Structures are given as C-alpha cells and as structure tokens.
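A.B. asks: First the structure, then my questions, so here it is.
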Amino acid sequence: MSSNIGIPIKLLHEAESHIISLETKSGETYRGTLVEAEDSMNVQLTDVTVTHRNGQQSSMNTVYIRGSKIRFFVLPDILQKAPMFKVVDSAVKGQGRGYGSHTKVSRGSGVGLGFGVGRGRLQARGGGRGGGGRGGGQNR
C-alpha cells in the first residue's frame, strides 16, 4: 500500500476480511467476504451471493471484479472507527504557520490614505494599504 493513495482506497483496504456489498454498473449486486482490494479498486470476494438485475440470486465460491465496473461499495459500520478518521490533535501535529497568540497583528484595522493601492478611485472607501478592512474605515 503506497502512501499517495486517498482515504477511500485506504478504507477499502481496511475492509479486507469483512463482509461487504457492491453494485456493478450493470446492476448486479455482490455480497461476500472481501479477500483482497487493490489500489485500482479491483476486488476479490469469497462466499458470494449475487443478485442479478431480474432479482434472481445465485452463489459463487470466489469472484474477482474489475474496479472500473463497480458503481459503489457498502462497507461495515465498524469502519467508521478506522484510524484514518482520527482527528490529529494540534499538540501532536505541530503549531502550524498561521497567526499565533504570540503576535499582536491586527488585520485590516488601519485608517488608510484613501488612495493608492485601492480600487483605482480617488478617496475610495478604505482604498490604500490598511484601508479599514471590510467596513472601509473612515469615509473621506
């Protein structure tokens, strides 16, 4: 399992050895034990019950289904507790790069000059640098 795969593929790998259901693009549903899941979503199931489009059911010992032919999977509810859904605490992952509590930066609260880098209008509302934020500061 490579590190550049997404969460849906990781979740599918976590579902191995669980009973899953899937529907193919042709409308057939398969329910069985997931033996193997590949990164391309190809799956191998054992002890499979197939429900055809007309409602007829049949059993298969093993089936291999190509990932591009699968419309959706139904996975067990226990996978909601899978480790990839755990929220990483900020103390564990690091502080980050945003404005921290150690800075005294106020954003957009200056008075502004009313001209310059703004929208091209002389004496525009909050036109220059630090032009009053969303409210525009002072009307000149």
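Laboratory data are not the source of any read-out in this text; all were calculated from the coordinates shown. Keep in mind it's a predicted model, so treat the numbers as computed, not measured. Cβ placement follows ideal geometry from the backbone for every residue including glycine, while neighbour counts extend to all protein chains displayed.
A.B. asks: Taking a temperature of 25 °C and a viscosity of 0.890 mPa s, what whole-number D in µm²/s does Stokes-Einstein yield for the stretch 7-85 with Rh from Kirkwood over alpha carbon pairs? Don't skip to the answer; put the middle values down first.
C.D. replies: On the way: Rh = 12.7 Å.
My calculation gives 194 µm²/s for D.
A.B. asks: Working out 0.36 nm times the residue gap between R31 and V87, then minus their Cα-Cα distance, what length gain in nm do you get to one decimal? Working shown, then result.
C.D. replies: Values: separation 56, 0.36 × 56 = 20.16 nm, distance 3.13 nm.
Roughly 17.0 nm would be gained on extension.
A.B. asks: Short version: ³J(HN,Hα) in whole Hz for each residue of the stretch 33-38, in order, from phi by Karplus 6.51 cos²θ - 1.76 cosθ + 1.60 (θ = phi - 60°), x for Gly and Pro, what are they?
C.D. replies: Couplings: 7, 6, 8, 8, 10, 9 Hz.
A.B. asks: Multiply the residue separation of Q57 and I70 by 0.36 nm, subtract the distance between their alpha-carbon atoms, and state the gained length in nm to one decimal. Write out the running numbers ahead of the final one.
C.D. replies: Details: separation 13, 0.36 × 13 = 4.68 nm, distance 1.85 nm.
Full-extension gain reported as 2.8 nm.
A.B. asks: How much net charge surrounds T24 when only the other residues with a Cβ under 15 Å from the Cβ of T24 are counted, with Lys and Arg +1 and Asp and Glu -1?
C.D. replies: Numbers: positive: K25, R31, R53, R66, K69, R71; negative: E23, E28.
Around T24, the charge tally is +4.
A.B. asks: Hey, another quick one. By count of other Cβ within 10 Å, fewest leading, how are Y30, Y64 ordered?
C.D. replies: Details: Y30 20, Y64 10.
Lowest count first: Y64, Y30.
A.B. asks: In the stretch 25-82, which trypsin sites (Lys or Arg not before Pro) are in a loop and have at most 13 other Cβ atoms within 10 Å, using DSSP for the loop call? Walk me through the numbers before you get to the answer.
C.D. replies: Values: sites: K25, R31, R53, R66, K69, R71, K81; in loops: K25, R53, R66.
Filter output for the stretch 25-82: K25, R53, R66.
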